[in-house]
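Taking it in order: structure first as structure tokens, then the write-up.
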Amino acid sequence: MVKTIYQLKKLSVNLFVSKKFYYGGIMNLVKRVISILTVMAVAISFALPAGAKVEGDTIILGAAVSLTGKYSTNGKHTQNGYELAVKTINDAGGVTVGGKQYKFDIIYYDDESDKARAAELAERLINQDGVKYMLGPYSSGLTKAIAPITEKYQIPMVEANGASRSLFTKGYKYLFAVLSAANQYLEVAIDLAAEKAVAAGGKASDVKVAMAFEGDAFSQDVKIGVVEAVERHGMTIVVDDTLPKELDDMASILAKVKATKPDVLAVSGHSKGAMTAIRQISEMKVDVPMLAMTHCDAAKINKNFENNAGEYALCAAQWHKSLTYSDSFFGSAGDYASTFASAYDYDPPYQSAESSAALLVWKDAFERANSFDTEKVRDALAVTEMQTFYGNIKFSDGGQNIAKPMVLFQVQNGQNAVVAPTKWAAADLIWPVPKWSER
Amino acid sequence: MIQALIDGIILGSIFALIAYGMALVWGVMNIINITQGELVILGGYVAFGLYKIGIHPLYGLIASPAVLFVVGWCLYYIVVNRVVEKDLFISILATFGLSIMIQQLMNIFFGADVQVAEASLGTSFLFDYNVTIPNIKIVAFVVSIISAGIIVLFMKLSKMGQAIRATAQNARAAKILGINTNHVYAITFGLNAAICGVAGAIVSMTFTLHPYIGLPYTIRSFMIVIVAGLGNLPAVIVSGVGLGVAEQYADFLFGTIFRLAFVFSLLVVILIWRSFRLSKKREYLK
């Protein structure tokens, strides 16, 4: 001890009374300080345990979500979903591993809706915070930015808001998504159009389809699904156009739709695309027997327009509160909706529901693995087969949930009424949509 | 085709209005105002705010410019007056910074959701339902023309307008003759913001609002000003409307995906043609 103090003294004397210092070598002093700090930093980093995945009786999960920037609304929905599930699971006794009860806790960072930032934060969660179990961010783009990193460090990630098909074709081993892939969004609508055409005495192959999709990864995946369904039924595509990314104007596309009179108009371009489509279709009085879209619920098209401009639009959703799935934590989908509404004062969008489901998957996997070893937990995740209030969950080899179909709802009297899949449907599809002149 | 023409003219008239504001600031203050698009969206949010509290958004056509004038005035005294006589590059940086700040503030106050204000004015039909014109777009067109007219009259007749024009011609001389140029600049910047406010109110009723959608408006107004030149109102209107129509036709013929590509190729062609003409003129002078 005495020796150490002596050495330190010597060091400090060396530092401040060195000859070079007297000759004005301020830079040398700075260099010395930096080198000492470096040595200290290295010593500290060796002293700390390498992983902080489970502290005491708490299992720590990490998540980068968009709390600011263009995804901030949906980022907040995601975080609320996570938080509600953490609270519900902890209140119900938490997670049992090795006969001991553990609680969930989540470390959040704000990724500012930026891909580079999300990737950086994933590195930080894994390397600095020692997180061993990850939750996904909001949006396909950000999930795509994080997935290579969790894969590199072999950290399992259960994500709830990245639907892009390309996430599941890269052979990722540590990525698990509770939601249906983007190409499934509007496939059901095309099948429904075929069904209706046959029921009306025609042929499925007579159906004409018009498409307007934005150029981003998600919307293009939705388009792949539509095109596959169209080919399967032998239908014809009469309009195939891209929604402008930067200006909300699709008047020229709708002019083409008016001229070609298709049986189905499929539109996907996030909330902005949904709003633009409804506004301009109603302004230009475009008559189509079936209008199939995505993001109607996020854009609240049943509430945001006067004169019911959004009426009869058919919308793809991951989940709806009127479905009859249930589990032992949240109860039915309707129970989840009321719990959520009392906690956050608004109806849960599907982004929150799927985020909550991700926590249920984690709990289930930990208990089946009965271990905190990331490899064992990963293997447990891979063989997940369960029902939650959000739907059935079972992962393909690529990590995609293949047990849950997409939901289609139609705006009827200003309400979102589920019309497909018919097994869980609460309402009948109104088809064909009445003409504008008859409304 | 007539549909595309009409849509284009109406869209172009909104662009022309925004571009005229940009030309004004550029010409008088020698500042390229990158915040233009954000001011438009902010104006839109004012109209949307009125709509939310139950007032018809058409009143936004009066309220937005009033609010935005004050905003522009404040922005001038807080930020822009520090860069107004500096290098063009510095003013671009400063207004770029402002635009990011306004975006983030709008995001905080209004949320990242896409919003619309509904004017519910119905739709007019031509040629047996084949051509449709939403009435709000007609209003937009008329309002754009009227506001342009008001600005021209203001510039020609009022004392302030004359002061603005004098400062644009020669700021130093104007100062010597007793014009408070700082005050003139503030009014000019406020006036531009007010123009953006009118355009924003129109945008909120015809298109959609989103905190991050200002940039397309900035880019287009920049382009129109480049083509039309500074301080040339008829040219701004012609190139604005021309741009709107060209975009609609490009959309219709080549598909929406080539819309921007087409617009920018057009810009390149116009610039090449212009430099070619200028060089010819130079030869002639030699």
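Of the conditions (1) in a helix (DSSP H, G or I); (2) open to solvent by less than 30 Å² (accessible area, probe 1.4 Å); (3) under 30 Å from B:Ala163 (Cα atoms), B:Asn33 satisfies every one except a single condition; which number is it?
(1)
Kindly provide the set of residues from region B:1-22 that are in contact with a Leu (Cβ under 8 Å, 6 or more places away or on another chain) and crowded, with 24+ Cβ neighbours inside 10 Å, ordered by number.
The answer is B:Gly12, B:Phe15, B:Tyr20, B:Gly21.
Of the residues A:Ala266, A:Ala274, A:Ala229, which single one is more than 7 Å from every other protein chain (Cβ to nearest Cβ) and surrounded by fewer than 24 Cβ atoms within 10 Å (Cβ to Cβ)? Spell out the reasoning first.
On the way: A:Ala266 fails: surrounded by fewer than 24 Cβ atoms within 10 Å (Cβ to Cβ); A:Ala274 fails: surrounded by fewer than 24 Cβ atoms within 10 Å (Cβ to Cβ).
The conditions single out A:Ala229.
Kindly check whether there is at least one residue in region A:372-381 that is over 23 Å from the mean Cα position of the chain (by Cα), touching a residue at least 40 places away in the same chain (Cβ under 8 Å) and surrounded by 15 or more Cβ atoms within 10 Å (Cβ to Cβ).
Residues of region A:372-381 that are over 23 Å from the mean Cα position of the chain (by Cα), as a first pass: A:372-373, A:375-376.
Filter again for touching a residue at least 40 places away in the same chain (Cβ under 8 Å), leaving A:372, A:375.
Adding the requirement that they be surrounded by 15 or more Cβ atoms within 10 Å (Cβ to Cβ) leaves A:372.
Yes, region A:372-381 has at least one match.
Which residues, counting only those in region B:104-121, are under 22 Å from the mean Cα position of the chain (by Cα), surrounded by 22 or more Cβ atoms within 10 Å (Cβ to Cβ) and either in a helix (DSSP H, G or I) or at the interface with chain A (Cβ under 7 Å from one of its Cβ atoms) (or both)?
B:Val114, B:Val116
Inspect region B:231-245 for any residue being away from chain A (no Cβ under 14 Å) and not in a helix (DSSP H, G or I) and give the result as yes or no. Break it down into steps so the answer makes sense when it comes.
Quick first cut of region B:231-245, residues away from chain A (no Cβ under 14 Å) only: B:231-242.
Within this subset, residues satisfying the condition of being not in a helix (DSSP H, G or I) are B:231-232.
Checked region B:231-245: at least one residue is away from chain A (no Cβ under 14 Å) and not in a helix (DSSP H, G or I).
(1) away from every other protein chain (no Cβ under 14 Å); (2) touching a helix residue (DSSP H, G or I) at 6+ places or on another chain (Cβ under 7 Å); (3) assigned to a loop (DSSP other than H, G, I, E, B): which one isn't true of A:Leu67, the others all being true?
(1)
Being in contact (Cβ under 8 Å) with a residue 40 or more places away in the chain, within 12 Å of chain A (Cβ to nearest Cβ) and open to solvent by less than 70 Å² (accessible area, probe 1.4 Å): is that true of B:Thr256 here? If you could, list the steps in order and put the result at the bottom.
Details: in contact (Cβ under 8 Å) with a residue 40 or more places away in the chain: no; within 12 Å of chain A (Cβ to nearest Cβ): yes; open to solvent by less than 70 Å² (accessible area, probe 1.4 Å): yes.
So B:Thr256 fails the test.
Please specify each residue of region A:340-353 satisfying the condition of being modelled with pLDDT of 95 or more and in contact with a strand residue (DSSP E or B) (Cβ under 8 Å, 6 or more places away or on another chain).
none
Which residue pairs have Cβ atoms closer than 8 Å, lie 6 or more positions apart in sequence or on different chains, and pair a first residue in region A:233-245 that is touching a residue at least 12 places away in the same chain (Cβ under 8 Å) and of a type in the set (A, V, I, L, M) with a second residue that is surrounded by fewer than 21 Cβ atoms within 10 Å (Cβ to Cβ) and part of a loop (DSSP other than H, G, I, E, B)?
Hits for this filter: A:Leu243/A:Gly215.
Taking only region A:152-177 into account, find how many residues are open to solvent by less than 40 Å² (accessible area, probe 1.4 Å) and within 19 Å of A:Thr374 (Cβ to Cβ). Before the answer, list the steps.
If we filter region A:152-177 for residues that are open to solvent by less than 40 Å² (accessible area, probe 1.4 Å), which is where we start, we get A:155-164, A:166-168, A:172, A:174-177.
Subsequent filtering for residues that are within 19 Å of A:Thr374 (Cβ to Cβ) retains A:155-159, A:172, A:174-177.
Count: 10.
Test B:Ser124 against the criterion of being out of contact with any Phe, Trp or Tyr (no Cβ under 9 Å at 6 or more places or on another chain), open to solvent by less than 80 Å² (accessible area, probe 1.4 Å) and at pLDDT 85 or above, and give yes or no. Reasoning before the result, please.
Working: out of contact with any Phe, Trp or Tyr (no Cβ under 9 Å at 6 or more places or on another chain): yes; open to solvent by less than 80 Å² (accessible area, probe 1.4 Å): yes; at pLDDT 85 or above: no.
Here the answer is no, as B:Ser124 does not meet what is asked.
Among B:Ala199, B:Ala186, B:Ala250, which is touching a Leu at 6+ places or on another chain (Cβ under 6 Å), part of a helix (DSSP H, G or I) and open to solvent by less than 20 Å² (accessible area, probe 1.4 Å)?
Only one candidate passes the filter, namely B:Ala199.
The values are calculated or read from the model by the stated rules, or taken from the named source; none is laboratory data. The shown structure was predicted, so the numbers you read here are calculated from the model rather than taken from an experiment. Cβ sites come from the backbone with ideal geometry, for glycine too, and all protein chains shown count toward neighbours. Quick note on the areas: whole protein, heavy atoms, side chains included, nothing else; ligands and nucleic acids left out. Shrake-Rupley method; radii C 1.70, N 1.55, O 1.52, S 1.80 Å.
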